[in-house]
Amino acid sequence: MPEKGNGRDPRIVAWEVTRRCLLSCKHCRAGAADHAYEGELTTDECLRVLDSLAAYSQPMIIWTGGEPMCRPDISLLVRAATDRGMRSVMAPCGALVTEKTMQILENVGVMACSFSLDGATAATHDAFRGVEGAFAHVTRAMEIARKIGMPFQVNCTVSRLNVAELPAIREQAVRLGARTLDLFFLVPVGRGKALADLALPAREMEEVLRWAFEMDRAGPITVRETCAPQAVRIWESLDRPGKHPAGCMGGRGFVFLSHTGILQPCGFLDIPCGDIRQSGYDFAKAYGESAVFRALRDPNGYGPTCGRCRFRFECGGCRARAYARTGDYLAGDSSCPLSTQE
């Protein structure tokens, strides 16, 4: 089992505290819906997990779902994380955000929020999110966050459905007061499997990444990319503009914890890597005993071409895409043009 401070401890834990959600997004990895889910961790169980995380690595927690605000105890849990020395950010959909609820979240320790905007207009965003009024809810939530001084970023799932709208979505993010626009490139899992044909091919992804680098340099907000680890290679080819992008963090500094206590490398890579209940709520034990996490921390063991690429440590390729395409999470990443050499 790894010891604290060895550089392998998770720095970020994305915790799906509930799978219940008010939306019906086309790309949802979990196929979440607006109903109760059996087996979700109870308040007492969540507190035991927080004790274990605090004793192990004190990661930043991303409270996510589903819709994390659907949990009636969410403010209690965030406060408990804060009291144990851990930082918290949250990803609400916006429908439950009011000035009062946002103020409560800030008071218990939420440092920042992320809000998803997948279209520049109500028509395109609501169509993607599957609920009429979603655009109005999320833009109102951002206005409330700006009013009370809660920092926030805009997340956008990039696909053929909205790639032409990216400049307008960026303009919306700037107008609404976001500090960052984070481009999430579609991973075809969950309900997103039906959108596999709408994922950008490798060359188009690279074009969007180059645009993102240009927009990041132009300001006034930061533009980042997620689920596109090949950005590392492109960034270096462009003489290092802006801040160095991150490669795939799945299992390498990042852990996803499901609503039932199952550890995964990320939300898009649906491979059980430990059960927090079976481990006696000992996160270090569940994490340290996972053969999957150990394999992910050794890019030399990845299949070609990722395992031979000189960027294998910085980039690593998207393990979730590799798994979705081949059933092997160590295979090459089809979103990178170099993978055609396999």
When residues of region 80-91 are limited to those that are on the phi < 0 side of the Ramachandran plot and surrounded by fewer than 17 Cβ atoms within 10 Å (Cβ to Cβ), the one nearest to the chain's Cα centre (by Cα): ARG87
ALA194, sole failed condition from (1) aliphatic (A, V, I, L, M); (2) modelled with pLDDT of 90 or more; (3) surrounded by fewer than 16 Cβ atoms within 10 Å (Cβ to Cβ): (2)
Verdict on ASP298 being of a type outside the set (Val, Ile, Thr) and within 20 Å of TRP63 (Cα to Cα): no
Residue match in region 56-66 (condition: under 17 Å from the mean Cα position of the chain (by Cα), part of a loop (DSSP other than H, G, I, E, B) and at pLDDT 95 or above): yes
Unmet criterion (only one of (1) out of contact with any helix residue (DSSP H, G or I) (no Cβ under 8 Å at 6 or more places or on another chain); (2) free of Cβ contacts under 8 Å to residues at least 60 places away in the same chain; (3) farther than 30 Å from GLN230 by Cβ) for VAL131: (2)
Candidate set: region 33-55, residues that are outside any helix (DSSP H, G or I) and of a type in the set (D, E, K, R); chosen: the one surrounded by the fewest Cβ atoms within 10 Å (Cβ to Cβ): GLU38
Output for region 119-133, where each listed residue is at pLDDT below 95 and surrounded by 21 or more Cβ atoms within 10 Å (Cβ to Cβ): HIS125, PHE128, ARG129
Output for region 159-209, where each listed residue is free of Cβ contacts under 8 Å to residues at least 12 places away in the same chain and closer than 18 Å to PRO245 by Cβ: GLU207
Only one of THR18, THR98 that is of a type in the set (S, T, N, Q), touching a residue at least 12 places away in the same chain (Cβ under 8 Å) and buried (at least 22 other Cβ atoms within 10 Å of the Cβ): THR18
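Tell me the residue from ARG319, ARG277, ARG325 that is on the phi < 0 side of the Ramachandran plot and modelled with pLDDT under 90, please.
Result: ARG325 is the single residue among ARG319, ARG277, ARG325 that is on the phi < 0 side of the Ramachandran plot and modelled with pLDDT under 90.
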Subset of region 273-306 (residues that are among the small types (Gly, Ala, Ser), touching a helix residue (DSSP H, G or I) at 6+ places or on another chain (Cβ under 6 Å) and assigned to a loop (DSSP other than H, G, I, E, B)): GLY274, SER279
Options SER114, SER75; residue that is more than 19 Å from the chain's Cα centre (by Cα) and either of a type outside the set (Asp, Glu) or not in a strand (DSSP E or B) (or both): SER75
Condition check for ARG71: farther than 25 Å from VAL158 by Cβ, modelled with pLDDT under 95 and either among the hydrophobic types (A, V, I, L, M, F, W, C) or surrounded by fewer than 23 Cβ atoms within 10 Å (Cβ to Cβ) (or both): no
Number of positions in region 245-258 that are farther than 14 Å from TYR56 by Cβ and buried (at least 23 other Cβ atoms within 10 Å of the Cβ): 5
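The values are calculated or read from the model by the stated rules, or taken from the named source; none is laboratory data. From a predicted model like this one, the values you see are computed outputs, not experimental measurements. Methodologically, a virtual Cβ is constructed for each residue, glycine included, from the backbone with ideal geometry; neighbour enumeration extends over all protein chains shown.
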